[in-house]
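The values are calculated or read from the model by the stated rules, or taken from the named source; none is laboratory data. These figures come from a predicted structure and were not determined experimentally. Here the Cβ positions follow ideal geometry from the backbone for every residue, glycine too, while neighbour counts run over all protein chains shown.
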Amino acid sequence: MDRRRFLQSSAAIAALNAFPHSLYAGNTRKNAFDRIKLGPKSVELSRLAMGTGTHGTGGSSNQTKKLGVSGVADLFRSGYDHGLNFWDTADQYGAHPHAREALKSIPREKVTLLSKTRASTAKEMRADLDRFRRELNSDYIDILLLHCMIDGNRNTKKRGAMDVITEARERHRPHERRKLPYAGCLEDRGCGAMGGSRPGAN
């Protein structure tokens, strides 16, 4: 590291240490395994999600390529054993088989599954919903996001897909936990790295 970078890093650390965290921190301690409720459907999940999509694109990611199905499944199980029940997958990461493998030893109703789709039309969205459920071996997906939503005309270009997931969400029956409890879109500038989520399908 050269002198300039060292000084910049040192200054950043000093500023961080000097920040009055106590003035902004809440009184309640927060843990990764805390159960919180998300959105108007109150989907229950752990505060921290188990991700699978570092550099995720083209149906694979660092995790799915390097760890394989059994390795990612073991990662999910280890997280679950430590209180993390929120699993973040995506078609673009190719992570559905890995979650399916982990669910062979964990009750489906104990896990909150999130996936993401690149579908634009109603036909594509219906096909993805059916395929995702087959790949996950689950008759419902807890949270579904439209992936990589960086186009300013997304409400027009993705209208067909939005209508289908809104319909699936409205058909959801909480006592049966079927179809799609929650849907939204992911504003993802990297199109492969997790961005900010915006609740609501329209």
### Query
Tell me, which residue of region 8-35 that is loosely packed, with under 12 Cβ neighbours inside 10 Å and charged (D, E, K, R) is modelled with the highest pLDDT?
Lys30
### Query
Among the numbered criteria (1) closer than 30 Å to Asn153 by Cα; (2) within 16 Å of the chain's Cα centre (by Cα); (3) surrounded by fewer than 19 Cβ atoms within 10 Å (Cβ to Cβ), which single criterion is violated by Leu38?
(3)
